[in-house]
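The values are calculated or read from the model by the stated rules, or taken from the named source; none is laboratory data. Everything quoted here is computed from the prediction, not taken from an experiment. Cβ atoms come from the backbone with ideal geometry, glycine included; neighbour counts cover every protein chain shown. With ligands, DNA and RNA removed, areas are computed over all heavy atoms of the protein, side chains included. Shrake-Rupley method; radii C 1.70, N 1.55, O 1.52, S 1.80 Å.
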Amino acid sequence: MTDQAPHALAAGILPLVGGPGNVTSVAHCMTRLRLGLADRSRVDETALRALPGVLGVVDDDTYQIVLGPGTVARVAPRFEALLAPGPAAELAARGARLRQDRRERNATPLKLALRRVANVFVPLIPALIGCGVLAGVNGLLLNAGWLPGVTPALAAIGSAFMSLIAVFVGHNTAKEFGGTPVLGGAVAAIVVFPGVAQVTAFGVPLAPGQGGVLGALAAALLATAVEKWCRSRVPPTLDVLLTPTVTVLVAGLATLYGLMYAAGAVSSAIGTAANWLLTTTGALAGLVLGGLFLPLVMLGLHQALIPIHATLIDERGSTVLLPVLAMAGAGQVGAAAAVYVRLRHDESIRTTIRSALPAGLLGVGEPLIYGVSLPLGRPFLTACVGGAAGGAFLGAFAMLGDTVGATAIGPSGWALFPLLAGDRGLAATAAIYAGGLLTGYAAGFVATYAFGFRRA
């Protein structure tokens, strides 16, 4: 995409969402431009969907415009620059109030909680992807015995973020739940501080990193609660001194003598449960997980699984769930291919598929979901069938002792190959994962071609 193209796309979107005065907030994730809008009735959704570069729209707690990976990161700052001048803080505050009002009216407590947890981890995804890919490349170099002078540097670059991820989780947690971000990060840093090895809790010495991201999340939540309590009771003249001190002390002690131990037990249980699920109920578990993941993506709730993936990577070195869930994207690709073949005279839908398919092959499913399968109805269900078949394929191999894992969170589809990990080496693991993708493609294609359209 040229430098002019993002600006042109941003300029095309703005009037279709009601103009600058209708936009109260702007944010973006990996694939979507997320807008807070004062009046959604002013959106020309038909024209917006037809705008070249727009792959779909989602009307949720924010108005989400699906642009695809890479594109959205270039369009978002151009879009913000086109907004009417005004204090950024006032714009953000107004948008936050509107989002909160909408959430309170429409969201269930569980859905809201999952989204808030997702908001903690979504900003970390670019670093997780970048460091994960570098760690995967470093693993390949080590196995091949190549560039021994470079691999220690790559190991440090790829591992540094994961070793301190608790601090970032704590910072984002406090920010999301209304606390001071740096205090959340300060308390969460206790989890990874080497000196905790000198502390004994419940008769057992603590280990640096014990509890991982779950411990950091819990510590920052507690710190936020303590901080709010202090600010409501401490006199303003003493607030700057007492509130941070009490927050760090109380939450820090609770983290050391309770949360780290408890979160460590939960983290270990998650790792054990995930491994048991696939090695014992393998094909059935893979079928269910692969088949149900697309609806989670459709609802935007799939990001809530990031803490589980991060915990598994911290505990086991890889997450065995991500490759299975990635099969949902394979089913979506197969379904889109069937739609392309069946609707050979519908040039509009075929153009959408051609533009969205590369992202789908790399595991970004939203463009195909919102641009192809979901509007057509049945192809969305048959895509889930493809995901279930691919998940069952990986689950069956897990029952045989050939579990496929991923060493980082973020990519899926073909982009996941550099991050694969397994007991039988990279070649065998990659072959099993590729077999799952091909199974998902084939099942999604066949199910959609045969059952994805009403008979005339």
Segment 227-345, relative contact order in percent, only Cα pairs under 8 angstrom and at least six apart counted: 22
Which distance in nm do the two modelled labels at His345 and Leu400 give, with both placed 7 Å along the Cα-to-Cβ direction? 4.6
Just how far, in whole angstrom, is segment 21-41 from segment 388-432 if you go by their alpha carbon centroids? 37
Sites Arg233 and Leu296 - FRET efficiency at Förster radius 30 Å, r taken between beta-carbons, to 0.05: 0.15
Would you mind checking which residues have amide H under 5 Å from Cys29's amide H? H placed 1.01 Å from N; only 5 or more apart, or other chain. Arg34
In terms of the Cα gyration tensor, with a ≥ b ≥ c the square roots of its eigenvalues, is segment 200-298 rounded because a/c is under 1.5, prolate because a/b exceeds b/c, or oblate? oblate
Out of every Cα pair in the chain, what percent are spaced more than 43 Å from each other? 17
Semi-axes of the equivalent ellipsoid for segment 222-375, Cα gyration tensor, largest first, Å: 45, 24, 10
Could you point to the residue in Leu51, Leu325, Ala225 farthest towards the positive end of the chain's charge dipole, with +1 and -1 charges on the Cβ of Lys/Arg and Asp/Glu respectively? Leu51
Taking only DSSP H segments of four or more residues, each worth -39500 (n - 2.57), what value at 222 nm results for the chain once the sum is divided by all its residues, to the nearest 500 deg cm²/dmol? -22000 deg cm²/dmol
Using alpha carbons only: equivalent-ellipsoid semi-axes of segment 181-232, gyration tensor based, whole Å: 23, 11, 9
Simple spin-label estimate for Arg454/Trp276, 7 Å along Cα→Cβ, in nm, reads 4.7
Determine the relative contact order of the chain: mean sequence separation of Cα pairs under 8 Å and six or more apart, normalised by residue count, in whole percent. 14
State the three equivalent ellipsoid semi-axes of segment 328-374, derived from the C-alpha gyration tensor as the square roots of 5 times its eigenvalues, in descending order and whole Å. 16, 10, 8
Starting from the Kirkwood Rh over alpha-carbon pairs, what translational D in µm² s⁻¹ does segment 291-392 have by Stokes-Einstein at 37 °C and 0.692 mPa s? 236
What accessible area per residue comes out for the chain, rounded to a whole number of Å², with a 1.4 Å probe? 45
First measure r as the distance between the Cβ atoms of Val199 and Ala430, then evaluate 1/(1 + (r/R0)^6) with R0 = 30 Å and state the FRET efficiency to the nearest 0.05. 0.10
Grab the other residues whose beta carbon is less than 12 angstrom from that of Val122, score K and R as +1, D and E as -1, and report the net. +3
For Trp414 and Arg40, what is the calculated FRET efficiency with R₀ set at 41 Å and r taken between the beta-carbons, to the nearest 0.05? 0.65
Could you give P(r) for segment 354-456, binned at 10 Å from zero, as whole percent values over all Cα-Cα pairs? 15, 42, 30, 11, 1, 0
